[in-house]
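The values are calculated or read from the model by the stated rules, or taken from the named source; none is laboratory data. Since the model is a prediction, treat every value here as computed from it, not as a measurement. Because the Cβ atoms are built from the backbone with ideal geometry, glycine has one as well, and the counts that use them run over all protein chains shown. With ligands, DNA and RNA removed, areas are computed over all heavy atoms of the protein, side chains included. Shrake-Rupley method; radii C 1.70, N 1.55, O 1.52, S 1.80 Å.
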Amino acid sequence: MRPRTLLLAALLAGCAAQSAQTAPATVPALLAEFARTPSRDRVPDTGIVQIPEVLAKAGVRRITIENWVEGGGGNPIPVWLLNPPSAGADAPVMFVMHGVGRDADRYMAEWVELATREGLVIIVPEFTRAAFPGNLNYNFGAVLDEAGNARPRAAWTYSALDTIFERVVAAEKLSAKTYILFGHSAGAQFVHRFVLLGGSPKMSRAVSANSGSYTWPIGPNGWPFGVSNLPQGLWQPESAFAAPMLVMQGTADNDPNYPSLPRQPEAMAQGPHRLARGKAFFAAAQEGAAAAGVPFNWSCALIPDVGHDNGGMAPYALKLLRAPTLPKGGDCRLMKKITPE
């Protein structure tokens, strides 16, 4: 081998060794690495191309769902999937919806150890900024186009979930007939708006955690901050309020200056911070159900000392999801603090 070739081989080997040494060896180390770099600087608009080694070792895979619109079409959706060895064929299936940073890798990392311990199948769809630009096409579900006209329901971003679920269940040979839908921050916006528009019969429970803004079910505001301008038939209070919805708020998510807090006039009118907005939304939903004369099936939990933190909310969400029933209506109830295991 020529000296120049030997030198190049040595350099490449050195780079590989250095990369192996610097790659996070644990999930907490990976999360610490994520925390050092804002998601806008870390996550490409076209999506994440590589699974971190520590997640791959835990069994995380990344697949692509295409042609999810009924009849064909729809931009491809990368999906982060964890089916751990602890999950049997009858394992529960949970969607975890990422936030505004579109950082599906971090959201998976914040659930991977908990899901592995509990035998959960986790699906984290990655709605890239390139394929699903702006709030309109993610948080707001692509229900209306930029001109404010209704789009076909099959083309709503929300409509991708059932197709993703069906394909994962078939590919993994699971017996699940329904899924749990969990979302944090912008993902919580996604979840509660999906519920307000009827959700899905395949959704067994929905969890909206630390949403930054809400669609008010009463009052004059139009979509996405209200329902007054929705086409006939889309807003059906009976089905919306009958859904098994859990609203979760961290008691420390109360910073009015939080960088990603939505500040549209309609959002600011909902309260000074996420905690206030969530509590006000839950009260408004009860008012809306009473005005419509329909049953109210929603619950609300306050999570002690947790701020705007998907990972901090996760163990509380799991505890609530384990409960056979949750108290409906009334004031939001403070949970007992969980001691880390």
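The set of residues in segment 214-244 that are more than 16 Å from Ala283 (Cβ to Cβ), polar (S, T, N, Q) and in contact with a Phe, Trp or Tyr (Cβ under 8 Å, 6 or more places away or on another chain) contains only Asn229.
Here's the yes/no breakdown for (1) of a type in the set (A, V, I, L, M, F, W, C); (2) closer than 20 Å to His98 by Cβ:
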| residue | (1), (2) |
| --- | --- |
| Pro152 | no, no |
| Thr157 | no, yes |
| Lys177 | no, no |
| Ala209 | yes, yes |
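The numbered conditions (1) in a loop (DSSP other than H, G, I, E, B); (2) farther than 28 Å from Pro231 by Cα; (3) among the hydrophobic types (A, V, I, L, M, F, W, C) are all true for Ala131 except (2).
Scanning segment 233-272 for residues that are small (Gly, Ala, Ser), over 21 Å from the mean Cα position of the chain (by Cα) and under 18 Å from Val100 (Cβ atoms) turns up nothing.
On the stretch given as segment 220-230, residues that are open to solvent by 50 Å² or more (accessible area, probe 1.4 Å) and in contact with a strand residue (DSSP E or B) (Cβ under 8 Å, 6 or more places away or on another chain) total 1. Just one residue in the set Leu181, Leu230 is within 20 Å of Tyr138 (Cα to Cα) and either within 14 Å of the chain's Cα centre (by Cα) or outside any loop (DSSP other than H, G, I, E, B) (or both); that residue is Leu181.
Counting just the residues of segment 124-140 that are surrounded by 20 or more Cβ atoms within 10 Å (Cβ to Cβ) and of a type outside the set (Phe, Trp, Tyr), which one comes out modelled with the lowest pLDDT? Taking the candidates together, the pick is Asn139.
Scanning segment 190-206 for residues that are part of a helix (DSSP H, G or I) and open to solvent by 10 Å² or more (accessible area, probe 1.4 Å) gives a single hit, Phe194. When Ala283, Ala301 are checked against the criterion of being outside any strand (DSSP E or B) and either surrounded by fewer than 21 Cβ atoms within 10 Å (Cβ to Cβ) or of a type outside the set (S, T, N, Q) (or both), Ala283 stands alone in meeting it. Within segment 203-231, residues that are modelled with pLDDT under 95 have Cβ atoms under 7 Å from residues that are crowded, with 22+ Cβ neighbours inside 10 Å in these pairs: Asn229/Trp223; Leu230/Trp223, counting only partners at least 6 apart in sequence or on another chain. For segment 72-96, a residue qualifies if it is touching a strand residue (DSSP E or B) at 6+ places or on another chain (Cβ under 7 Å) and part of a loop (DSSP other than H, G, I, E, B), and the qualifying residues are Pro76, Asn83, Ala87, Ala91, Pro92. Exactly one residue among Pro340, Pro295, Pro324, Pro315 is within 28 Å of Val227 (Cα to Cα) and either of a type outside the set (S, T, N, Q) or assigned to a helix (DSSP H, G or I) (or both), and that residue is Pro295.
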